[in-house]
1. Out of all the residues in region B:763-785, is one or more within 27 Å of the chain's Cα centre (by Cα) and more than 30 Å from A:V168 (Cα to Cα)?
2. Return the pair list, or none, for Cβ contacts closer than 6 Å from residues in region A:52-72 that are more than 17 Å from A:E172 (Cα to Cα) and assigned to a strand (DSSP E or B) to residues that are charged (D, E, K, R) and within 15 Å of ligand 1 (Cβ to nearest atom), at least 6 apart or on different chains.
3. Determine, yes or no, whether B:P61 is assigned by TED's automatic domain parsing to the domain that holds B:G173 and in contact with an Asp or Glu (Cβ under 6 Å, 6 or more places away or on another chain).
4. If you take the residues of region A:115-147 that are within 14 Å of chain B (Cβ to nearest Cβ) and under 17 Å from A:A181 (Cα atoms), which of them is least open to solvent (accessible area, probe 1.4 Å)?
5. Report, ordered by the first and then the second residue, all pairs with beta carbons closer than 8 Å, sequence separation of six or more or different chains, a first member in region A:194-205 that is farther than 15 Å from A:R10 by Cα and assigned to a strand (DSSP E or B), and a second member that is acidic (D, E) and within 16 Å of ligand 2 (Cβ to nearest atom).
6. When region A:14-45 is examined, which residues are found to be more than 14 Å from A:G67 (Cβ to Cβ) and within 7 Å of ligand 1 (Cβ to nearest atom)?
7. Could you check, for region A:23-33, whether at least one of its residues is within 14 Å of chain B (Cβ to nearest Cβ), surrounded by fewer than 20 Cβ atoms within 10 Å (Cβ to Cβ) and part of a loop (DSSP other than H, G, I, E, B)?
8. Going by the conditions given, is B:P827 touching a residue at least 12 places away in the same chain (Cβ under 8 Å) and over 20 Å from B:V485 (Cα atoms)?
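The values are calculated or read from the model by the stated rules, or taken from the named source; none is laboratory data. Please read these numbers as outputs of a predicted model, since none were measured by experiment. A quick note on method: Cβ atoms are made from the backbone with ideal geometry, for glycine too, and the neighbour counts reach across all protein chains shown. Ligands, DNA and RNA are stripped out before the accessible areas are found, and what is left, the full protein with its side chains, is counted by its heavy atoms. Shrake-Rupley method; radii C 1.70, N 1.55, O 1.52, S 1.80 Å.
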Amino acid sequence: MEVGGRSAVRCEDLRRVFGAGEAAVAAVDGVSLGFPSGELTSIVGPSGSGKSTLMHVLAGLDRPTSGRAWVAGTEITGLDDGRLTELRRDKLGFVFQFFNLIPVLSAEENITLPLRIAGRDVDAEWLAALLETVGIADRSTHRPAELSGGQQQRVAVARALISKPAVVFADEPTGNLDSAASTQVLELLRRSVDLLGRSVILVTHDPRVASYADRMVMLVDGKVSSDTRVEGEDQVLRLMQTV
Amino acid sequence: MFSLAIRNFSARKLRALSTAAAVFFGVAMIAGTLMLTASVNNSFDDIFAEVNEGIDVTVRPKVAVEGEFGTSFARALPETLVEDVWAVEGVDLAVGAIGDDTITIVDEDGNRIGPPQGGPPHIAISRLPEDAPFQSFTIVDGAHPAADGEVAIDSITAESEGYEVGDTIRVTGAAGERDYTVAGIGEFGSGTPLGGASLVEFTLAEAQRLTGKRGRVDEIDATAAEGTTAAELATAISAALPADEVEVRTGEQTAEEDAGDIQEGFGFLSTALLVFAGIAVFVGAFLIFNTFSITVAQRMREFAMLRTLGASSRQVMAAVLIEAALVGLLASLLGIAGGFGFVELIKGLFKAMGFELPTSGLALEASTVAIAIAVGVLTTMVAALNPALRATRVAPLEALVESAGSTEREHERSRRRTIIASILVAAGVVLLPLGLFATDDIEMALQLLGLGLVLLFIGLAMVGDRFVGPIASVLGWPIERLRGVTGRLARENAQRQPGRTATTAAALMIGVALVVFVGVFASSIRASLSDTLDRQFVGDIAIVNTDGFSPIPTRIADEVSALDGVGVVSPTTLIPAEIAPSANEATVGGIEPRTLGRVASLDWTDGSDEIVANLAPDEAIFDENFAEQEGVGVGDELEITGPSGDVITVTIAGITTRSRFIVDQVALTRDTVLERLGARDDTTTFVNFAEGADPKATREQVDALLAERFPNAEARSQEEFKQDRENEINQLIALIYVLLGLSVLVSIFGVVNTLSLTIFERTRELGMLRAIGTSRRQVRRMIRYESVVVALLGAVVGAVIGLILAVAAVRALEDEGLELSISPSLPLVVLIAAILIGVVAAIGPARRASRLDVIQALQYE
Ligand SMILES: Nc1ncnc2c1ncn2[C@@H]1O[C@H](COP(=O)(O)OP(=O)(O)O)[C@@H](O)[C@H]1O
Ligand SMILES: [Mg+2]
């Protein structure tokens, strides 16, 4: 287990229990992990193993029942809603399975939305670079309905990166995409790690998606069952078949 | 389908409730009005039945012309007629009585008791002989007045003013004022408040003296001897008395007639209340339509799924309509309960003005329940009809495919809708001026206006979606400038479903249009009034009744003349009369030719001030509009019939224009009106101070004289006079605002409803916004601004429509001297009100949106 000091995200003995008494379910059950910058980590595991719950707690969207978590050096456990909101605004980026773009805003406006919410200026160069990188520079004025699913998700990735966050969380980002579009989105996430040095945490149950990562953490019943370097798709497939 | 509808209804209890709120207020107003009307009518039936109980025949002076107010201008009967009635075969008992509402009870400070301005009448009644089998006034404490210095008063007045047996009470009448000892406290009928009126019982002789009716009585009551029926006796008495002077009826007829007179007056109020209820129902219908449109749209998948399972489109429609009927039923039942609250509200408002509505037996009649339920259920179902039809158009395939709806058919439908809406707007625009300009029949005009407005509003709401985009962009611009991205999103959200926003805003538009219309119309009336007074009232003070309209004693003029510093005194009087040959009613004023020119200024169409100064007893001055209506001009001869049936012939000597403060319709010399048409009192007495007199000191003298000798009269300067009239108008306007306010309240519920439903639709989007760093406060702001944009949309368009209507209405009444006046603060008031409405409507939805569970919202489908 690797609890690095330079970790962008880190947690210790994290537990998240739903319900109480007989019906209590420990969705995350004593997880301690560190996610360094410049690394793409996939979190895999069967359906119901607690992947999403872990991500929610790490991202400050949900509160753990016990344990501690840090994002970019700040302990998030115990922060109030306002501070958590600020943290998400400044340090985190999100990509969801449903693209979750605002239909009335153009692609470019969707991308700059987090900055505008935070009341920060848009770095025009950075925006141009992002638009170029995600490959929708020529469609920046289109509204989401006029874009394909893959394009929409690339806009979502750009939105996650616009505020230069320390960490990007992506929960099944390719769940609604065909394989060609999936590849583009994954390449994009890969590049944001390699070129921009972000930490990306990618939740998936798809071995092909997991194999894009540097490292793969496998959850079973809320516990870490394996934590390995990714060497290739075959290895990932093998590991995932063991559960 | 029925069970599905019930399921849907109960699964969304909260929504059902908030949808029902849209109809609730209208139904409550209808139910309340019906209850109030029924109970007031019953009360008056009871009161007059009790009061006339035991009386077989009543004899009253014949009234040739009724006039608009309850005050009788007819001359009282000579007391000698009582003897004549006694002499009729079959009479067991005949009693002469006084019933006169020109007295005033005053407190120690010389002020009229009760509300300072207006208020219900004070009535003098005479004590009936002990052996009379009819006793309308029953003593509950003390005794009937036994001497001229004693009175008995009604228990309600005694209680509210704190009079007890043995106290002294001061009453003024035509003969001046006098202190009396309260000998007893009694109840009229069975103690039901007579609309707040105060009663003072005197001995007959004192009642006659005080009211200036020495040797006269207002009514003769008779009972029949054994073996004679009331009807027979009435016929017999009628035959024995001069037919052109008296009105003979049986006691029962009189009771019905008296109750009927008051009920008729009250009927106007209930009609007015029903109109306001209708407005609230109409506004509510918009919201029902909107809510059902939204929920049907949200449930299209569900309907498509039902269709794939084999449900017919009829069944889908039935499911929606049954749900609507249930919502309507819920609203009706709550509305009936709310009706009691509305009754209290109206009673409270009237009480604030000093009127006590008698609602002894406030009861829910079966017909009230039936009407309330019918209105609530039918309104809801009619409003849900279009959404229900839309639900039937869903193709079964839509359950499986995201959107399989044919856009071509949508276009066709939208085109048709635009055509229908244009026809409605056009029809409304045609009907409104017809109502305003084309007819003299008030009722017809109001109906045309009402229908025109309904069509216009529906049409506007239908095409509204076309305009939502551009207007919202303009209105949202400042918010966007000031508030950045939350403002931007709010504005975009308001424009996202233009149809919805249009209907929601339209509901508010109706209320605001009516409020602005009433406001501008009222300020125009105030301005015209002010202008009229400036031009026509050139004297120093006018002496009028403290209630603003009742008559004042003629002796005031003489006594004020005698004061130091008073220059010119010019009294005027006013009576209702009938004009021959047209048989129209007219208010006929009496003026003093020699002095009028010094206190008032007239504008002439035909004639000059010379004509007033030399007005002969058989000459008349006509107002231009009235002369036009009658089709007469200078030199024409007409007959005028006074309230007691006196007829005189006059020649028109001159025609004035825009001088209605002095010459309302017809003016004769005051002597003619007093001596030949039976007027007893003055209406307004104008006074000019003498040259060089100290105005302040003179005014003080006049005030002192009035306070001492005529407490029901007061002196008003031009400014004060204006202020009084304005206060009267303002009071009425306030009442109208409260009633219209209920419709506005309904439309606020509409904004709340629409916001809640759209927030529900955008759950996932909100979750995402929160996830990427939007604070709760920003979410609240975003919803609030959206609400404000919708409210502004409704208010601004509504204000423009209201303004146009008011301008048109004032134009239509230009002949009557009305001139347009728009308060410069109007735009600001509308803006602030709209912002407030938007902010208030957003409180609940914004809080809910900001408290959304982010994770659940993200997973929400
Ligand atoms: N809000 C919740 N309430 C109750 N149980 C929950 C809730 N969210 C998740 N769970 C439970 O926690 C476990 C893990 O869920 P989740 O993190 O969504 O798994 P995964 O994303 O790996 O499919 C599951 O058993 C699920 O039923
Ligand atoms: Mg999951």
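1. Keep residues of region B:763-785 that are within 27 Å of the chain's Cα centre (by Cα), which gives none.
For region B:763-785, residues within 27 Å of the chain's Cα centre (by Cα) and more than 30 Å from A:V168 (Cα to Cα): absent.
2. Hits for this filter: A:S66/A:R15; A:G67/A:R15.
3. On the way: assigned by TED's automatic domain parsing to the domain that holds B:G173: yes; in contact with an Asp or Glu (Cβ under 6 Å, 6 or more places away or on another chain): no.
Answer is no for this residue.
4. The initial filter retains those residues of region A:115-147 that are within 14 Å of chain B (Cβ to nearest Cβ), namely A:115-122, A:143-145.
Still in the list and also under 17 Å from A:A181 (Cα atoms): A:144-145.
Numbers: A:P144: 11, A:A145: 99 Å².
My answer is A:P144.
5. Listed pairs, sorted by first residue: A:V203/A:D171; A:V203/A:E172.
6. Taking region A:14-45 first, the residues more than 14 Å from A:G67 (Cβ to Cβ) are A:18-25, A:35-45.
Those that are more than 14 Å from A:G67 (Cβ to Cβ) and within 7 Å of ligand 1 (Cβ to nearest atom): A:F18, A:G19, A:V25, A:G45.
7. Quick first cut of region A:23-33, residues within 14 Å of chain B (Cβ to nearest Cβ) only: A:27-28.
Then drop every residue that is not surrounded by fewer than 20 Cβ atoms within 10 Å (Cβ to Cβ), which leaves none.
No, region A:23-33 contains no residue that is within 14 Å of chain B (Cβ to nearest Cβ), surrounded by fewer than 20 Cβ atoms within 10 Å (Cβ to Cβ) and part of a loop (DSSP other than H, G, I, E, B).
8. Working: touching a residue at least 12 places away in the same chain (Cβ under 8 Å): yes; over 20 Å from B:V485 (Cα atoms): yes.
When the stated conditions are applied, B:P827 passes them.
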